[in-house]
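Read the structure below first, then the notes.
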C-alpha cells in the first residue's frame, strides 16, 4: 500500500505567482490527507499563463468490505479521473448552451419548451434555467419512480407544467432539460457535442462522459448510498442516480475529468479575448445576466459570492459538485482554483467537505494576497 502521507506537488513560478507562496497550501493538504479526509484529491491553481501550483495525494479508492471494492487502496495521482458531479453543469452544458446562442442556432431567451418535443406550454426560458430561477423542483429520485430513460425524460419535461419563474432555487431538473434541449437543437448527443465543441478545442484530452479508462485510474465514490436501487461501491460509473439511470449522460451530471483538464477549462475563462470556443461578448453575457441576492446571487450557470472561502474580488465565479469537486475562477486576480476530491467515498461527509473546501480556498487566497511581497 502506498503511504497516504505523501503529496505529489508541482510548483511553477510565474509573474505575480511566486512558487514559494503555495507552501502553506501543501502543508494543509498533507495534514488533511494524513488525517484521512478527504480520501484523495487532485488540485491546480492556474493563471492565464499556465499552472502555478498542482498537487495530488491520498487515495482514489480505499480497500474495504464493500461489494466491488479494491483489494488494496489505490493512490490518487495527478491524472486520476474524478466524477465531476454538478461541475458538469458549467463545464459541459453551460458552454454548449452559450455556443448555440453565439452561433444563433437559438436564443437563451427562447422558451425552453420550444426545444423539447411534447413539452407543456411554458414561459420558462433557457436563461431562466441557467439562472436556476425557473421555479423547477430542485431534485427528484426519478431513477426510483421511472422504469427507463424515456420515462424519466417524460417525467422531467412534465415538470414544466407547474414551473413559475421566480426566486433562485438551485435545480438539477433545469439542467436536465437544458441537456435535452441542446441535443434537440443540434441533433447529436450531449457526449458527442461536448467532446467535439468544448473538450477538443480546449485540449481537455481526458475529460468526458462514460469514462473508458480502467477503474484503477478513476476515483471511487460512495458505497451503499441512496443514489442506487442496489448496493455496492460506485466506481467507474457516475454517482448521481438520475444521470446513471439515463445511461451516464445528462445535462446536470455525468462528466468525469482530471485536475489538469479543468485547469485548462478555467484558464481559458481568464483570457476572454482569446477563448478558443466562446467570444468575449458571450463570456460577458454569461457573467452579466444575474438573479438572486446575497449568498444565492448567480450569473448564468455560476454562483458569484464564495463568502465562506475567503475574500475573493468582484467578478469571481464558482461552482461545486456533490462528490467533493469545485471550480473557482477569479479574473481580477488572474487565478483559478480546481479542487477535485472523492469526499463521498466511502460515505458522504457534507460538513467536513464544506470545511475542507473553505480551508483550501482560504489558503490559496492568502497565497495570492502575499504574492506582491515576493520579488518576481
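What tally of residues in segment 303-332 results from selecting those that are out of contact with any helix residue (DSSP H, G or I) (no Cβ under 6 Å at 6 or more places or on another chain) and within 23 Å of residue 255 (Cβ to Cβ)?
Qualifying residue count for the region: 11.
What is the one condition in (1) under 26 Å from residue 154 (Cβ atoms); (2) part of a helix (DSSP H, G or I) that residue 249 does not satisfy?
Just one mismatch for residue 249, condition (2).
Output the number of the condition that residue 205 fails; it satisfies all remaining conditions of (1) surrounded by 18 or more Cβ atoms within 10 Å (Cβ to Cβ); (2) closer than 25 Å to residue 40 by Cα.
For residue 205, the exception is condition (1).
Among the residues of segment 165-222, which ones are assigned to a loop (DSSP other than H, G, I, E, B), in contact (Cβ under 8 Å) with a residue 40 or more places away in the chain, within 28 Å of residue 63 (Cβ to Cβ) and more than 19 Å from the chain's Cα centre (by Cα)?
Selection gives 213 alone.
Taking segment 281-327 as the search range and keeping residues that are closer than 12 Å to residue 361 by Cα and without any contact (Cβ under 8 Å) to a residue 40 or more places away in the chain, which one is surrounded by the most Cβ atoms within 10 Å (Cβ to Cβ)?
So, considering only residues that are closer than 12 Å to residue 361 by Cα and without any contact (Cβ under 8 Å) to a residue 40 or more places away in the chain, the one surrounded by the most Cβ atoms within 10 Å (Cβ to Cβ) is 318.
On the basis of being touching a strand residue (DSSP E or B) at 6+ places or on another chain (Cβ under 9 Å), more than 24 Å from residue 169 (Cα to Cα), free of Cβ contacts under 8 Å to residues at least 60 places away in the same chain and not in a strand (DSSP E or B), does residue 361 make the cut?
yes
Name every residue in segment 142-163 that is surrounded by fewer than 19 Cβ atoms within 10 Å (Cβ to Cβ), assigned to a loop (DSSP other than H, G, I, E, B) and modelled with pLDDT of 95 or more, in order of residue number.
Within segment 142-163, 148 is the sole residue that qualifies.
Are there any strands (runs of 3 or more DSSP E) wholly within segment 1-119 with 3 or more residues that are crowded, with 24+ Cβ neighbours inside 10 Å and at pLDDT 95 or above, and if so which?
Counting at least 3 such residues, we get 40-47, 50-61.
Just need a number here: residues in segment 121-141 that are more than 23 Å from residue 246 (Cα to Cα), in contact with a strand residue (DSSP E or B) (Cβ under 8 Å, 6 or more places away or on another chain) and surrounded by 19 or more Cβ atoms within 10 Å (Cβ to Cβ).
Result for segment 121-141: 5.
How many residues, within segment 223-242, are under 12 Å from residue 85 (Cα atoms) and either touching a strand residue (DSSP E or B) at 6+ places or on another chain (Cβ under 8 Å) or touching a residue at least 12 places away in the same chain (Cβ under 8 Å) (or both)?
Number of matching residues: 5.
Does residue 355 meet the test of being surrounded by fewer than 21 Cβ atoms within 10 Å (Cβ to Cβ) and closer than 30 Å to residue 233 by Cα?
Against the criterion (surrounded by fewer than 21 Cβ atoms within 10 Å (Cβ to Cβ) and closer than 30 Å to residue 233 by Cα), residue 355 qualifies.
The values are calculated or read from the model by the stated rules, or taken from the named source; none is laboratory data. The structure presented is a predicted model; accordingly, all values stated were derived computationally and were not measured. Neighbour counts are summed over all protein chains in view; Cβ atoms, including those assigned to glycine, are modelled from backbone coordinates with ideal geometry.
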